[in-house]
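Scroll down for the structure; my scribbles are underneath it.
The values are calculated or read from the model by the stated rules, or taken from the named source; none is laboratory data. On a predicted model such as this, the values are computed, not experimentally measured, just so you know. Heads up, the Cβs are rebuilt from the backbone with ideal geometry, glycines too, and the neighbour counts pull from every protein chain shown. Note: areas computed on protein heavy atoms with side chains; ligands, DNA, RNA excluded. Shrake-Rupley method; radii C 1.70, N 1.55, O 1.52, S 1.80 Å.
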Amino acid sequence: MLLAVESYRLWENLGIDEGLKAIKEAGFEAVDFSFYWKAAPALLGEDYRENALKIKEALNKYDLKCNQAHAPFDFTYGMPEDDTCFEYLSIKRAIEACGIIGIDHIVVHGIKVFPEPPASERSLQLNYDYYKTFEPLCERYGVRIAIENLSGAFSFPDLLNQIVKRLDSKWFTGLVDVGHAWLHSKVSAGDFIRQLDKGILTGLHIQDNHGAELMKDEHLTPFLGTVDFDDLLKALKEVGYDGDFTMEVPRFLKFYADQGLLIPALKFSYEVGNKLRNDFKSLT
């Protein structure tokens, strides 16, 4: 069970090489590689294959594993699903880059089909069709797509169950952001986990927020919000979870980066994540 951290804030403040160095020195064993936002044009342009090889070299340099990645998420409903659309093409290139680097799975966000409700048949079918366009690439490069619970797309356990079941392929799996579960699903993060079908849960994003009190996706380090982490760990033990713990705390890191305290905040996030991992392991 690796302890990883999502990396966008490190790329923005330090660059990839120094960011990976900081991740390693903080204690993390792995990184969730961020290809999104400002990183997308820089990493996924025409030289994306060369960039992927450089990333692989840098990971080896710091003896870090890449347990998962985040695809760009600028693609929105109504954009063309072909190579004339960079937002779509960048996702395809990110999948191939994962194959080059050796990353097992990549988070690809679902489409929010406004004004359709997320549970509508049309919304589910459009997402099914969208995800299926990537399946040949997944098979070619040996990379799975992880579907995350989001507001407006698979925010409830039954929706995540439905889309993974409908896709019916080893190239698609589920990933739970515990903060999103608490914020959007109207159940605790632990109960969200309990309601997933067996075999769907592959990975986690660990973050905290204040749920309905603020209705804001805060991405805080655990214990700064109101997510029930004791119950979450019990739920993970009950369902036999054996994946990684990935800290996704970019807003927490940004706050302290703005104060010149990015490195101490990163190290603190490691300590909190390591406590959660140790508490999970100690459960019987």
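The table below gives the values:
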| item | result |
| --- | --- |
| Residue in segment 29-49 that is touching a Cys at 6+ places or on another chain (Cβ under 8 Å), in contact (Cβ under 8 Å) with a residue 12 or more places away in the chain, of a type in the set (A, V, I, L, M) and in a helix (DSSP H, G or I) present | no |
| Residues located in segment 123-168, provided they are of a type in the set (D, E, K, R) and under 20 Å from G179 (Cα atoms) | E148, D158 |
| Among the residues listed as V227, V178, the single one being touching a Gly at 6+ places or on another chain (Cβ under 7 Å), closer than 27 Å to A30 by Cα and among the aliphatic types (A, V, I, L, M) | V227 |
| Single match in L14, L3, L20 (criterion: crowded, with 17+ Cβ neighbours inside 10 Å, more than 25 Å from E135 (Cβ to Cβ), of a type in the set (A, V, I, L, M) and over 20 Å from the mean Cα position of the chain (by Cα)) | L14 |
| Segment 194-213 - residue that is of a type in the set (S, T, N, Q) and in contact with a strand residue (DSSP E or B) (Cβ under 7 Å, 6 or more places away or on another chain) and, of those, surrounded by the most Cβ atoms within 10 Å (Cβ to Cβ) | Q207 |
| Test: residue in segment 250-263 that is more than 19 Å from N149 (Cβ to Cβ), in contact with a Leu (Cβ under 9 Å, 6 or more places away or on another chain) and of a type in the set (S, T, N, Q) | no |
| One residue from N67, N127 being in contact with a Gly (Cβ under 8 Å, 6 or more places away or on another chain), under 22 Å from L167 (Cα atoms), modelled with pLDDT of 95 or more and crowded, with 21+ Cβ neighbours inside 10 Å | N127 |
| Residue check, E50 surrounded by fewer than 19 Cβ atoms within 10 Å (Cβ to Cβ), under 22 Å from R144 (Cα atoms) and not hydroxyl-bearing (S, T, Y) | yes |
| Segment 173-198 residues that are at pLDDT below 95, paired with ones that are of a type in the set (F, W, Y) and surrounded by fewer than 24 Cβ atoms within 10 Å (Cβ to Cβ) (beta carbon under 9 Å, 6 or more apart) | H184/F156; S185/F156; K186/F156; V187/F156 |
| Only listed residue being among the acidic types (D, E) and open to solvent by less than 40 Å² (accessible area, probe 1.4 Å), chosen from D191, D244 | D244 |
| Single residue of segment 23-38 satisfying the filter (within 18 Å of T202 (Cβ to Cβ) and of a type outside the set (G, A, S)) that is surrounded by the fewest Cβ atoms within 10 Å (Cβ to Cβ) | E29 |
| The one condition in (1) open to solvent by 40 Å² or more (accessible area, probe 1.4 Å); (2) of a type in the set (V, I, T); (3) touching a His at 6+ places or on another chain (Cβ under 9 Å) that I263 fails to fulfil | (3) |
| Residues of segment 99-110 that turn out to be crowded, with 16+ Cβ neighbours inside 10 Å and more than 14 Å from the chain's Cα centre (by Cα), as a count | 3 |
| Test set (1) over 25 Å from S151 (Cα atoms); (2) open to solvent by 10 Å² or more (accessible area, probe 1.4 Å) - K216 fails condition number | (1) |
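Residue-by-condition table, conditions (1) in contact with a Pro (Cβ under 7 Å, 6 or more places away or on another chain); (2) more than 23 Å from I55 (Cα to Cα):
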site	(1), (2)
F75	no, yes
K92	no, no
V107	no, no
A153	yes, yes
I163	no, yes
L167	no, yes
V178	no, yes
A181	no, yes
D191	no, yes
